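Taking it in order: structure first as structure tokens, then the write-up.
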Amino acid sequence: RWQGMAADQSRDKRFVVFDAPVWGLRALAKVLLSYQRKHGLRTPAAIIGRWAPPVENNTGAYARQVANALGVGVNDQIDLQQARMLERILPAIVQHENGQQPYPAALIAEAVRLALE
């Protein structure tokens, strides 16, 4: 179970529903942190390759978009354990997944703080 999960999980079983956006953003941050900590993924290409595999996505374009948002190359090493890097990658992923990024910087920062606790 994730912190902040909504009681009603009856919608699409493939996705967790959260009570508030901060909890969903925290979950995203936790997943990305596990990619580095448990799987050693340290580049936008590797991270997005796991998050959005090519069988379902144009992973190369996705990784380029995220790398551009971070101001790095797709094969550059990044450290998601640094709050500032997590605060930059979360909105890039939200933007790509949703076609918009509606969350204010303060909400992103709070989700990152919760994820790094």
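Looking only at region 82-93, residues that are within 19 Å of H39 (Cα to Cα) and surrounded by fewer than 13 Cβ atoms within 10 Å (Cβ to Cβ) come to 1 in all. Within region 46-76, the residues that satisfy the criterion of being of a type in the set (A, V, I, L, M), touching a helix residue (DSSP H, G or I) at 6+ places or on another chain (Cβ under 7 Å) and either open to solvent by 30 Å² or more (accessible area, probe 1.4 Å) or not in a helix (DSSP H, G or I) (or both) are A52, A69, V72, V74.
Among the residues that make up region 94-104, is at least one of them open to solvent by less than 60 Å² (accessible area, probe 1.4 Å), assigned to a helix (DSSP H, G or I) and in contact with a Leu (Cβ under 7 Å, 6 or more places away or on another chain)? Within region 94-104, not a single residue is open to solvent by less than 60 Å² (accessible area, probe 1.4 Å), assigned to a helix (DSSP H, G or I) and in contact with a Leu (Cβ under 7 Å, 6 or more places away or on another chain).
Only residues that are part of a helix (DSSP H, G or I) and of a type in the set (A, V, I, L, M): list them for region 77-93, please. Scanning region 77-93 gives A83, M85, L86, I89, L90, A92, I93.
Here's the yes/no breakdown for (1) among the acidic types (D, E); (2) in contact with a strand residue (DSSP E or B) (Cβ under 6 Å, 6 or more places away or on another chain); (3) without any contact (Cβ under 8 Å) to a residue 40 or more places away in the chain:
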{"residue": "K30", "(1), (2), (3)": "no, no, no"}
{"residue": "T59", "(1), (2), (3)": "no, no, yes"}
{"residue": "G71", "(1), (2), (3)": "no, no, yes"}
{"residue": "V74", "(1), (2), (3)": "no, no, yes"}
{"residue": "D79", "(1), (2), (3)": "yes, no, no"}
{"residue": "Q82", "(1), (2), (3)": "no, no, yes"}
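The values are calculated or read from the model by the stated rules, or taken from the named source; none is laboratory data. For clarity, every value in this text was computed on a predicted model and none was experimentally measured. In this analysis, Cβ positions are derived from the backbone assuming ideal geometry, glycine residues included, and neighbour counts consider all displayed protein chains. For the accessible areas, the whole protein counts, side chains as well, though only heavy atoms, and no ligand, DNA or RNA atoms are used. Shrake-Rupley method; radii C 1.70, N 1.55, O 1.52, S 1.80 Å.
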